[in-house]
Structures are given as structure tokens and as C-alpha cells.
Amino acid sequence: MTHPIVRTALFVPASRPERIPKALASGADAVIVDLEDAVEHLAKDSAREALCDFLGTHPQARLWVRINDAATPWHEDDLKALRGKAGVTAILLPKAESLAQARHAAQTGLPVIPIIETARGVLNLAEVAATPGVARLAFGSLDYALDLGLSPDSPGAGIVLDHARIQVLLQTRAAGLPPALDGVFPGVQDTAGLARAASRAQQMGFGGMLCIHPAQVPLIHQAFAPAAAELDWARRVLAAHRDGGPGAFMLDGRMVDAPVIARARQVLAQAGESV
């Protein structure tokens, strides 16, 4: 089964619906209208209404929506408002911590993307990932660091965050989900830092990243695109295989067998090429 390639998922506040068209035009693979962190408590209801109004006047728009988490008083109203909305193609469930939470969100009939951003979420990750209706996983690195009391940008924090990232990657694979999304990089003007973070996420096996500014989109896309040399290698591997290469053969002085052929297919799929 093939899944849409999602390298970038760009947040835009639900309280600023005039920004949604710009976000949709940014080139991001998905646009997330945010009802959670980007909206002040007193503006939750009006932001939800603004989103519903936008969906009504822009029937062609396709959006992901981050709702408020299950422990908040706005959670049920968010779910009720989104049920049956054709323009909503996924719900992001923040602070996802249990099968029950994920299953409840999935009762809307919409695909659910749990954001893993608490210790409890990591400990219960296997059951969350395996919940019917879960479409993929995302990692909320900033909230996870806050939940565990990590020192920001420290080597120790990096170790703990990577431990959680690995769990997200492992449970993604075990549940047969599309590649997970890594958390946001908060330094909007730190393009070099973003490029390093995106490249590292790609190397780890993430499919993409959550992002907070349109300027981050092309940099992340570049980091997740296979290099020209890698694409050329993958095309030549598959061409040799199609031309009758045996179960194992030599190419450029290296052995090519089933795992190498599978990797070549992965590379071309990441570039959006048919295999």
C-alpha cells in the first residue's frame, strides 16, 4: 500500500484564517490549522468557528487540524466540529497517551495522527500506534522536553530526545504506518541549524518534519530529497535488475542483492518516482 509523501506539515493558527491560503500556497505537503498551542484559551471557541467558516467558504481546501488534547475542556467540541468536514483530511491529537484517546478521536471517521510528547505517551506508544484509524505518528520534541524537565539544547537532552525518537520510529514500523514526522525546529532564522536537524531526521528514518514558518518548507524538502548521485545509483540498480540481473549481481564493484534492490526502490519512492 502506498501512502502520500509528507515531508513538511506547516502549522497556521486557527485564529488567523487569513493566513491559511498563504500556507496552502507555501508548497508544504500538508497544512495544519492549529486549535491548540497557537490559540489563547479565551479565543478557543472563536478560532474553531473561524476554521469552520473557512472550510465552508473554501470547499477545495484540504487541511489537517490539531485539536486540543483530551484533558482540556475544548477537546470534545473540537471533535464534534470536525466530524463530517470534507476539507479536514486528518486530526492531529496532541499529548496522545492511550489507545482510548486515539480510538475516541478516530470515531470522527477522520484519520488520526497522534503527537507523542509526554513520558506516558512514549510508554504507551505501541498501543497508540496500533489503534485502528491512526494514520501516522508525529513526535512533539518541545513538549516532550518540557514534560521530562530537560535542559534545552543540552547534550543530555539530546540523548533523551533521541531515545523517544527511536521509539516513535520503531513503533511506526511495527504498526506498519507511513514514516513518522519529527518535531518542529524553533529557530526560524537559523537556516543552517534547520538544515542540520532536517538532514539528521532524514538519516534517522523520519519521513518529514512539523514546521512553523513557510520559509522552512523548501529547506526541509531539500534535506529529505535524495541526492542526485543517490538517485542515479538507484535508477541504475533497478535497470540492471530489470535487465535480467540474477538474485545477486555486481554493480560498481559492489554486490547487489534483495536488500540493496529494496533500498533503491525506497530512494526512488522518496523522490516521487514510480518503481
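For beta carbons closer than 9 Å, sequence separation of 6+ or different chains, a first residue in segment 72-87 that is at positive phi and a second that is among the small types (Gly, Ala, Ser), the qualifying pairs are Gly84/Gly109. Scanning segment 86-95 for residues that are within 16 Å of Leu210 (Cα to Cα) and aliphatic (A, V, I, L, M) yields Ala90, Ile91, Leu92, Leu93. Based on what the data block shows, is Pro152 free of Cβ contacts under 8 Å to residues at least 60 places away in the same chain and over 18 Å from the mean Cα position of the chain (by Cα)? Yes. Of the residues making up segment 216-248, those that are free of Cβ contacts under 8 Å to residues at least 24 places away in the same chain and surrounded by fewer than 16 Cβ atoms within 10 Å (Cβ to Cβ) number 12.
With the requirement that a residue be more than 22 Å from Gly205 (Cβ to Cβ), in contact with a helix residue (DSSP H, G or I) (Cβ under 8 Å, 6 or more places away or on another chain) and in a helix (DSSP H, G or I), what does segment 238-267 give you? Correct list: His241 only. Might you check whether a residue that is free of Cβ contacts under 8 Å to residues at least 12 places away in the same chain, more than 21 Å from Leu219 (Cα to Cα) and in a loop (DSSP other than H, G, I, E, B) occurs anywhere in segment 22-35? Within segment 22-35, none of the residues are free of Cβ contacts under 8 Å to residues at least 12 places away in the same chain, more than 21 Å from Leu219 (Cα to Cα) and in a loop (DSSP other than H, G, I, E, B). Does at least one position in segment 160-176 carry a residue that is surrounded by fewer than 19 Cβ atoms within 10 Å (Cβ to Cβ), modelled with pLDDT of 95 or more and not in a helix (DSSP H, G or I)? Yes - at least one qualifying residue is present in segment 160-176. A single entry from Glu36, Glu40, Glu127, Glu49 fulfils the requirement of being buried (at least 17 other Cβ atoms within 10 Å of the Cβ) and at pLDDT 95 or above: Glu36.
Within segment 89-104, being under 25 Å from Val12 (Cβ atoms), in contact with a Ser or Thr (Cβ under 9 Å, 6 or more places away or on another chain) and among the hydrophobic types (A, V, I, L, M, F, W, C) holds for Ile91, Ala96, Ala102. Just name the residue that is nearest to Val128 (Cα to Cα) out of those in segment 192-207 that are touching a helix residue (DSSP H, G or I) at 6+ places or on another chain (Cβ under 6 Å) and outside any loop (DSSP other than H, G, I, E, B). Checked segment 192-207; the qualifying residue nearest to Val128 (Cα to Cα) is Gln202. If you go through segment 228-237 and keep only what is within 21 Å of Gly205 (Cβ to Cβ) and at pLDDT 75 or above, you end up with Glu230, Leu231, Trp233, Ala234, Val237. The residue pairs whose first member lies in segment 254-274 and is without any contact (Cβ under 8 Å) to a residue 12 or more places away in the chain, whose second member is of a type in the set (Phe, Trp, Tyr), and whose beta carbons are closer than 8 Å, counting only pairs six or more residues apart or on different chains, are Met255/Phe249. One residue alone among Trp64, Trp74 is within 30 Å of Ala197 (Cβ to Cβ), surrounded by 15 or more Cβ atoms within 10 Å (Cβ to Cβ) and among the aromatic types (Phe, Trp, Tyr), and that residue is Trp64. Remark: pairs (first residue in segment 156-173, on the phi > 0 side of the Ramachandran plot; second residue at pLDDT 95 or above and outside any helix (DSSP H, G or I); Cβ separation under 8 Å; 6+ apart in sequence or on different chains) are absent.
The values are calculated or read from the model by the stated rules, or taken from the named source; none is laboratory data. Fair warning: this is a prediction, and the values are worked out from it, not measured in the lab. Please note: Cβ atoms are built from the backbone with ideal geometry, for glycine as well, and neighbour counts cover all protein chains shown.
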